[in-house]
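Okay, so here's the structure we're looking at.
The values are calculated or read from the model by the stated rules, or taken from the named source; none is laboratory data. Fair warning: this is a prediction, and the values are worked out from it, not measured in the lab. All Cβ positions, even for glycine, are placed from backbone atoms using ideal geometry, and neighbour counts span all protein chains on display.
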Amino acid sequence: MTEDSQASPAAFLDLVPLLMCSDVQASIPFYTDVLGFQVTGRDDDVGATGFAALANGRARIMLASGSYVPEAQKVEGQYPQSNYYFYVDDAEALRQAVIDRGWQATECIKRFYGLLEFEVVDPDGHILLFGQDLEQP
């Protein structure tokens, strides 16, 4: 640490993205049926379309309707977008499973930094990237 930087007042324990959805109930099947996530918690009676917590291995995400979070703002008609990166053990197999389940995915591309990657866009326009470390056995 430099002299100008300050330590955080609390240790960060984890990062779990909260993805804003126009319809949580419609997004749940994409994450469960197409990507293999499991619903670990849900509340269908909050916000306009509910809330759900999902997990696949160590990866976790939360889905929430716009009214779940007070005054969720949209930018140009959509909730703010980010890219979400998931490390997987077999990118080709996951990509094929996504396509077999009727969803579009980009081709797998071997990147110069040693990862095999592809992208999928979820029902609300969130960009999901999946990467396999080619240098790991």
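A few notes on this one:
- Hey, Gly66 closer than 16 Å to Asp124 by Cα and modelled with pLDDT under 85 or not: yes
- Qualifying positions in the stretch 115-137 - part of a loop (DSSP other than H, G, I, E, B), surrounded by fewer than 16 Cβ atoms within 10 Å (Cβ to Cβ) and among the charged types (D, E, K, R): Glu135
- Only one entry in Ala93, Ala7 is surrounded by fewer than 18 Cβ atoms within 10 Å (Cβ to Cβ) and modelled with pLDDT under 85, namely Ala7.
- Candidate set: the stretch 56-69, residues that are part of a loop (DSSP other than H, G, I, E, B) and within 14 Å of the chain's Cα centre (by Cα); chosen: the one surrounded by the most Cβ atoms within 10 Å (Cβ to Cβ): Gly57
- Of the residues making up the stretch 79-90, those that are surrounded by 13 or more Cβ atoms within 10 Å (Cβ to Cβ) and not in a strand (DSSP E or B) are Tyr79, Gln81, Val88.
- When residues of the stretch 96-112 are limited to those that are in contact with a strand residue (DSSP E or B) (Cβ under 8 Å, 6 or more places away or on another chain), in contact (Cβ under 8 Å) with a residue 12 or more places away in the chain and outside any loop (DSSP other than H, G, I, E, B), the one surrounded by the fewest Cβ atoms within 10 Å (Cβ to Cβ): Lys110
- When each of Ala53, Ala72 is tested for being buried (at least 17 other Cβ atoms within 10 Å of the Cβ) and either modelled with pLDDT of 95 or more or in contact with a Gly (Cβ under 7 Å, 6 or more places away or on another chain) (or both), the lone residue that passes is Ala53.
- Cβ pairs under 6 Å, 6+ apart, first in the stretch 18-41 and within 24 Å of Asp89 (Cβ to Cβ), second among the charged types (D, E, K, R) and buried (at least 20 other Cβ atoms within 10 Å of the Cβ): none
- Residue match in the stretch 22-41 (condition: on the phi < 0 side of the Ramachandran plot, at pLDDT below 90 and surrounded by 13 or more Cβ atoms within 10 Å (Cβ to Cβ)): yes
- Subset of the stretch 31-49 [outside any loop (DSSP other than H, G, I, E, B) and either closer than 15 Å to Leu19 by Cα or not aliphatic (A, V, I, L, M) (or both)]: Tyr31, Thr32, Asp33, Gln38, Val39, Thr40, Gly41, Arg42, Asp43
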